[in-house]
Structures are given as structure tokens and as C-alpha cells.
Amino acid sequence: LSGNARNCLLTGSPDSYRNFTGKGLRCLLDVPNTEAYRNHGSGRFCSQSSQPLGEKIPSLQISSLGQLPHHFPAWNNQIIRSFHTSPSLQAAPVPLFWIIVKPAQKLFAIILGRSIRKWWKALPPNKRELFKESARRNKWKILLGVSSLGVVFVMFYFTHLEETPITGRARLMVFGKEHFRELSQMEYDMWMELFKSQMLPKTHAGYQVVETIVGHLSESNKDIPQVSALKWVIHVVDEPAVNAFVLPNGQVFVFTGLLDAVSDIHQLSFILGHEIAHAVLEHAVKKASLVHFLDFLSLIFLTLIWAICPRDSLAVVGQWVQSKLQEFMFDRPYSRTLEAEADKVGLQFAAKACVDVRASSVFWQQMELAEAMEGQPKVPEWLSTHPSHENRAEHLDRLIPEALKIRESCNCPSLSGPDPRLIFRLNMQHLLELAEGREAPNSTKQDTSKPKLDFPH
């Protein structure tokens, strides 16, 4: 977090990370020195910090706002893929028993459905007619049985609803939190074994930056029981991947690729606040509970598919269609909901820590710009487990006024300098004008088959 790497605007994206290099590299945005971490008091939402964060990181200075650059040198693009602010694996897997039993349940449903189909085919025509006649005579009993089964599932769902901490939203909780504490420790051991040779020492500057920011976030939000109850332990991994995640037991993992990617401590604070929010809101337990509940319901449909389809090949296609419908209608939308919730709560955490919360949406605009620079087609949001960068930035922009009020209630110093969102837009406009100016003299030689870059304004 020093030099050009600290201040550079074009940092990367959750799906493709851009490292711009070359002679005379200039960054597009210098963040104004807002002294945003100097928390001089406590308010209605706040907890007094023991020491201002700005004093805790003397080596990490935020540059003053300069003039818009008049010239942008050429750069080379190096792409590092798969940036996730959460781990690609679920932070806390479902209990081990259900991990083992889940394939056996599906296999049992397939065997049962296939056996029913074979039994029906083997019946003589007269017995089939007798069976159909019996079903028609007892249709009300059958309907009552199916309805009773549906009532059982509905009762199970509503009797396992709990209130989400902080947000107060209702959530399905099938598994006990104690199971996830044990599994979090198991996953922690797995990550430590995987990265044991890449862990930065506590004396490293990058480690100290992360430790200070996490400590300041937790200290500023210690009035929240779920924050103060966890012991936050820092691990910084010397790995170029742009990644960070927090396990449900408070183990924080940050990769050095993320430290190089963020423009300033405000963006890093928001990202870490987002990840802490995942742990505080117990999203791993919520996601595992919903997945388990839906998987159990899907066993009924899986049995019906294998019983009704006349051939195994059609049953395989039907099973695939069912799994995709569940994934795109329930699993992925729910994951996007959890991400949006973590953004909201993480922004509140950052506001109480006197962070410049306006930098949060700039971060995702940077991600959007990096994808536009690469010329990749935009993936529809419904195909992803995360909101699109554009929608995420817009969602944060809607939340920022409320976060600024929380920040003000905590007696934080006023934000000095222009809004970083405005600076970003001005720099993007200036960059676009320069790009158009370069293209104009060569317009006759321009390859019309090559698409123009679509820069966001």
C-alpha cells in the first residue's frame, strides 16, 4: 500500500483483475485527505475508539487531490482472474453428516423412482386399470395426504425462522450454530495448512495495515453484541489473487493481491467491513440451512421425475433441468440477497468507524471499468451469485446518504475535498476524450470490426 500501487484507480474486478503497468504510469484518481479515521467522539450509533486509525497507520498516507492528468501513457494489461471478496468455497459447509448423506439421499430417490416406473410397466393392463380406479375412488384421501405433507413442510419452515442480527430480517435456521463453530475450526485448519508457507509475519507492513483496520472496525462497532463476541484474528496471505474472506469464527484472511488492488484505506475498510458483516450476520449458516431445506424438498421431485419419465435418458435430462431451476430460481438469488445485505451492514460498520463511505461505490465502478477495458461482454446478473458491479455501485449510492448520517452522528470529522465519485466520473470523461482524440487522426485507418470500449460515465 505504497506509491502508485496505493493510489491507482484502475484496480481490477471481481471476475477479472487488471494490473496496469508501463513507463510513466499515472493513476487516474488521488483520493482527498479526509482524515476520515479520526473518531473524536461517540454518538447514538457509535463506540469510542481507543486511538484514531489515522494515527495507527503513520506510513499509510492518503494523497491530496491533484489536478486532472493532462496525459495518459500507454499501458499493458495483465489479467488475474477470479476476484471474490468471499471465498469460492462456502465459508462454513453444511454439517459433515449431511455432506455424507446428501449423495445417498439422491441415489435413494433415483432408485425409488426408477423402481416405481419398472413396477408400473410390469403390471398387466387389467391391474393398471384397477389401480387407476382405486386412485379415483380415494382421490380425496390422496389429496389429504399430500396436503398434510405440505403442511408439515410449511410448519417446519416457520418454526425454524429466526431474526437476523442488526437487520431484523426473518431467516431460516435449520442447523445449530455450535455445528458451524466446529466446522469453522476445521475449515480454518484447512486454510492454514494450504497457506502455511505464504503467511506474512505480524511485523509486515501489510499485516499491520489489515490488523489496524479490522481492530478499528471492531472497536467502533463493539456496541453490537455479535461483533464484540467474536475474536478477530488476522491472516495475510502472500498470494496475487484479489481475495478476502472471514470465517464464521472470526478468522480473517486477506490476500496481498487485494492490498495492491484497493486505491486507499477507505476502500479496504469497506471490503473488510463487508466480510465482517458476512460473519456477524451468520450468512454461512443461513445459506446452508436454505440449501439443505431445498435439497430435501427436491428429493420428492427427483423421485417423481424418475418415476414418470419413460426412459432413463429423459429422467437424467429432467433431473438436470430441476437442478438448474433450483439453482437459478432460489440458490443464486438468495446469494445475491446476502451479498446486498452484507454491503448494507458493512457500509454501516465503516460509517461508524469514520470511513469515507463514498469510496465504496467508487470501488465497484472501478471493477466495472476494468471489465469494460477488457472488452468482455457483461454477464447477466441472474447468472451470478453476486450482484453486477453496476447494480452494486448503484445500491451503495442509495445507501451512502444514510451512512453519512450515521457517520455524522458518531461525531466524525467532516469530509474534506470533492466527492471521490465525482472525481472518478471526471477522470473517466477526461480519459474518454483523450481516447477519442487519439482515434480521430487515425479514423480512416480504424478497423471497423473492432468494437469501441464502452466506458461508464
What whole-number distance in Å separates the alpha-carbon centres of the stretch 186-213 and the stretch 130-169?
48 Å
In what sequence, largest accessible area first, do Lys287, Lys118 appear using a 1.4 Å probe?
Lys118, Lys287
Peptide ranges 247-257, 203-213 listed from the most packed, as the mean C-beta count within 10 angstrom indicates
247-257, 203-213
Largest-first ranking of Trp140, Trp382 by accessible area, probe 1.4 Å, whole protein assembly kept, is Trp140, Trp382
Ignoring ligands, DNA and RNA, please state the percent of accessible area on the stretch 248-314 from carbon and sulfur, probe 1.4 Å.
74 percent
Within straight-line cross-link reach of Lys378, aspartates and glutamates at Cα separation under 17 Å, skipping those fewer than 8 residues along the same chain:
Asp15, Glu368, Glu390, Glu394, Asp454
Can you compute 3J(HN,Hα) from phi for each residue in the stretch 247-263, using the Karplus curve 6.51 cos²θ - 1.76 cosθ + 1.60 with θ = phi - 60°, rounded to whole Hz and x for Gly and Pro?
6, x, 8, x, 7, 9, 10, 10, 8, 5, x, 6, 4, 6, 7, 5, 7
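Using a probe of 1.4 angstrom, how much of the accessible area of the stretch 104-179 is carbon and sulfur, in percent?
Taking all protein chains in place, the stretch 104-179 shows 67 percent carbon and sulfur surface.
The values are calculated or read from the model by the stated rules, or taken from the named source; none is laboratory data. Small disclaimer: the values here were computed from a predicted structure and weren't measured. Please note: Cβ atoms are built from the backbone with ideal geometry, for glycine as well, and neighbour counts cover all protein chains shown. Note: accessible area is taken over every heavy atom of the protein model, side chains too, but ligands, DNA and RNA are not part of it. Shrake-Rupley method; radii C 1.70, N 1.55, O 1.52, S 1.80 Å.
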